[in-house]
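Working notes for the structure below.
The values are calculated or read from the model by the stated rules, or taken from the named source; none is laboratory data. Only a predicted model underlies this, so the values are computations on that prediction, with no experimental measurement involved. Virtual Cβ from ideal backbone geometry, glycine too; neighbours counted across all protein chains shown.
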Amino acid sequence: MIRSRYSTHYYLAFHEIDSPSEDEKFYQAAERLLLRINGLGRVENQNFRPVALSDEYTTSDGRRHTVLRPAPAQIRVNVGRPTVTVARPDGTVVPDPPSPWPDRFAAAASNPDLAEALEVLGKPENVWWSDLYWVFEIITDVIGGRSKIYDELDWATKTQVDSFIASAQRVRHARSTAVPPREPLTEAHDLVSALVAKWAAMLAAKG
């Protein structure tokens, strides 16, 4: 995603958009990639506001731009996060470490399961319990079972996983006499986001 020097708009530049597969149009490739970007945004911060594509596209001669703007359906406000600048004794600033997110995005290009999880989280609508459980099932299927989350990988505790599953099941069933979820949706989102981030980091490290 690149900001234009001549406006407040952003445009999406990626080789898959310029050279899509034979069974995919350029705008379909752009929409798919944007879902993954939005998914990563929500993994990093659940208050992230998804962006949407306009009907413009940058052609090979550079005459048009694909513009990104906040999706109109989103009304939540992202207030941002505080940043800290570290200085050396001589006053020079210690540069920030490189962001891990580009490598995690690249990992999705070669891992259909990660791509699917990010696209579920990156949809324009608000993320709900069914979406979180969908992503959770993708992860547990890929790694070989939910117990590996806490027994081997140490990505979360068994209590966290059990609480999430119980809460999600109570909400997902259309007709249920069960009590309301034990944990709020925000906590469930935090857990699933943490699992996705650690999974993506593991895949990115493998190259």
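For the condition in the same structural domain as Ala200 (by TED's automatic domain parsing) and surrounded by fewer than 20 Cβ atoms within 10 Å (Cβ to Cβ), Ala108 does not qualify. Of the residues in region 144-162, not one is part of a loop (DSSP other than H, G, I, E, B), modelled with pLDDT under 95 and surrounded by fewer than 19 Cβ atoms within 10 Å (Cβ to Cβ). Within region 14-33, the set of residues being of a type in the set (S, T, N, Q) and under 21 Å from Leu121 (Cα atoms) comprises just one member, Gln28.
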